[in-house]
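Read the structure below first, then the notes.
Each value in this text was obtained by applying a stated rule to the coordinates, not by laboratory testing. All values derive from a computational prediction rather than experimental measurement. When we count neighbours, we look across all protein chains shown, and the Cβ atoms used for this are built from the backbone with ideal geometry, even at glycine.
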Amino acid sequence: MNDNSIRPIEKWTEIEHLPEWDEEFYQIYTAKKYGKQLMLKALKPEFRDNPEYRSLIEKEFDVRYNLAHPHIVMINDFEEVPGLGMCIITDNIHGDSLQTLIDNKQVDEDVIKKVTNQLVEALQYIQSNHIVHHPLTADRVIFTDNIHNLKLIDVGFDQKNHLTPADAADDIYNFGVILNKVLDAAPTRHPELRRVAVKCMAKDPARRYRDIEALKSALNNYNKNRLYITIIIFLAIMVIVLAWINSPWAPAPPEKVQEERHIDLSFKHRAPDTSIQKIF
């Protein structure tokens, strides 16, 4: 083989462990597969040779592989990676968790909007597909680096024929906890959203929203009220501006002032009429 021969492309490169992303039984990595950035989920070394845990990761792959939602991490494949064993492979969603944004006081209106819309949509999708999942926490909500898109990770490990009312009530409670934390870190007050969070966190499940649809309705009403308030404020400002423009105290437009000055100057420079008309 000479020096000009084509070297084979290495399949897996730049494998990097992300310890802050690790889960109870799993380690999370970033890596490149044929140059494309991906993320890997592998069993921790102490569990890799245990048939029970190998069955666990296989089942999680089976449950999550067919899920398709823009705000849930999608699974691409399940394959052997040198040194890591069998791995669940997902798109690269590296970024900051919602918990990190809360801790660093980086919650803005965009974050609030995505939590009250996109996170609820993802949660509704999970429930409609009867996915058994770990408790919803701010650590499991990721805002991606590049476009700050919301992605829910570690979604599910089993699937049932239906979810119980208790499952739905727990999801609503945990969403309320997350929303309350987000509002604590927000730079402005949102009393209506705070009331939604408090209702979600009611100790008695019967006093919470009865389901995700009821929660969505409350949040949609909040968004509609904000829109109406914005429109009313805008119209009020326009009325004030128009009233000022048409008031006698408003300064004349520059072109009108120039026109009046021109007329005045023309009058001052007009030659006096010296003719005398006799009237008989």
Dimensions in Å of segment 1-94 - Rg and Dmax from alpha carbons: 15.1, 50
At R0 = 30 Å, FRET efficiency that the Cβ-Cβ distance of Ala166 and Asn92 yields, to 0.05: 0.25
Rough spin-label spacing in nm, given labels placed 7 Å along Cα→Cβ, for Asp49 and Tyr34: 3.3 nm
Exposure proxy ranking, count of Cβ atoms within 10 Å, fewest first, for His190, His130, His162: His162, His130, His190
FRET efficiency for Asp139 and Ile9, using Cβ-Cβ distance with R0 set to 25 Å, rounded to 0.05: 0.10
Alpha-carbon gyration tensor eigenvalues x 5, square-rooted, for segment 95-233, Å: 24, 19, 13
